[in-house]
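Values in this text are rule-based calculations from the coordinates and carry no lab data. Model, not experiment: these values are computed from the prediction. Here the Cβ positions follow ideal geometry from the backbone for every residue, glycine too, while neighbour counts run over all protein chains shown.
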Amino acid sequence: MRPLGLDHVVLRVADLDAALAFYCGVLGCTEERRLDELGLIQLRAGGALIDLVPVDSPLGKKGGARPGVGARNLDHFCLRVAPFEPETIRSQLTAAGFEPGEVVRVYGAEGYGPSIYVDDPDGNTVELKGPAED
C-alpha cells in the first residue's frame with residue numbers, strides 16, 4: 001500500500017455560514033454535495049474534499065465539544081494553491097477579515113516552498129502552499 005494524496009479532511013464547525021463564506025467565498029472551494037440528514041457539506045478543493053460538519057448536526061454531535069482555542073480537533077491542514085501570489089493572497093484574506101501570517105519557507109509534499117498560514121472562523125489553521133522551489 002502507498003498513499004497517493006489527501007482525499008478529504010473533515011472539520012467540525014460552529015458556524016456553517018461563516019465556514020462556507022471562508023472556504024468558498026475566500027479560498028475558492030465549491031460546494032459539491034450536501035447530506036442534510038447527517039449534517040455534512042462536502043466542498044471541492046482541487047482533487048480533494050473538505051467536509052464541513054456543523055457541531056449541532058446529527059454527525060457533529062458525535063464529536064464532542066465545539067472547536068475553539070482550548071478544544072481543537074486538528075493542528076492544521078495544507079491546501080496547495082495556484083497561482084501563488086503572496087501579496088494578492090494576503091490582501092484577499094485581509095479584505096475578508098482574516099489575519100494571514102507572513103510568507104514562510106516550509107517543506108511539503110513537493111519539497112520546500114512558500115506558505116501562508118491563516119485561521120478559519122473556527123480556529124482551524126489552514127496552510128496555503130505555493131509551488132516547490134526549483
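If you line up the long axis of helix 86-95 against the longest principal axis of the chain, both from Cα atoms, how many degrees apart are they, to the nearest 10?
Helix 86-95 sits at roughly 30 degrees to that axis.
Starting from 0.36 nm per residue, how many nanometres of slack lie between LEU35 and GLN92 once their C-alpha separation is accounted for?
This chain segment gains 17.5 nm when fully extended.
So how do LYS61, LYS129 line up by other beta-carbon neighbours within 10 Å, fewest first?
With the fewest neighbours first, LYS61, LYS129 line up as LYS61, LYS129.
Quick one: net charge around ASP15, please, counting Lys, Arg +1 and Asp, Glu -1 for every other residue with C-beta under 13 Å from its C-beta.
With Lys, Arg at +1 and Asp, Glu at -1, the neighbours total -2.
Arranged from highest to lowest average of other beta-carbon atoms within 10 Å per residue, in what order do the peptides 111-118, 27-34 appear?
Result, highest mean first: 111-118, 27-34.
Calculated from DSSP H runs of 4 or more alone, at -39500 (n - 2.57) each and per residue, what is the 222 nm mean residue ellipticity of the chain, nearest 500?
Helix-only estimate at 222 nm: -3000 deg cm²/dmol.
With a sphere of radius 12 Å drawn around the Cβ of PRO58, what net charge do the other residues whose Cβ falls strictly inside it have (Lys, Arg +1; Asp, Glu -1)?
-1
When DSSP assigns beta bridges and you keep just the ones with both residues in segment 13-130, what percent turn out antiparallel, to the nearest 5?
That works out to approximately 75 percent antiparallel.
Given H placed 1.01 Å from N in the peptide plane, which residues other than close sequence neighbours of VAL106 have an amide H under 5 Å from its amide H?
Counting only residues 5 or more places away or on other chains, the set is GLY113, SER115.
Separation of segment 93-124 and segment 1-39 by C-alpha centroid, Å?
Using only Cα atoms, the two centres lie 17 Å from each other.
Let's test this: bin the Cα-Cα distances of the chain at 5 Å from zero up to the farthest pair and state each bin's percent.
P(r) over the chain, rounded to whole percents: 2, 10, 19, 22, 20, 14, 8, 3, 1, 0.
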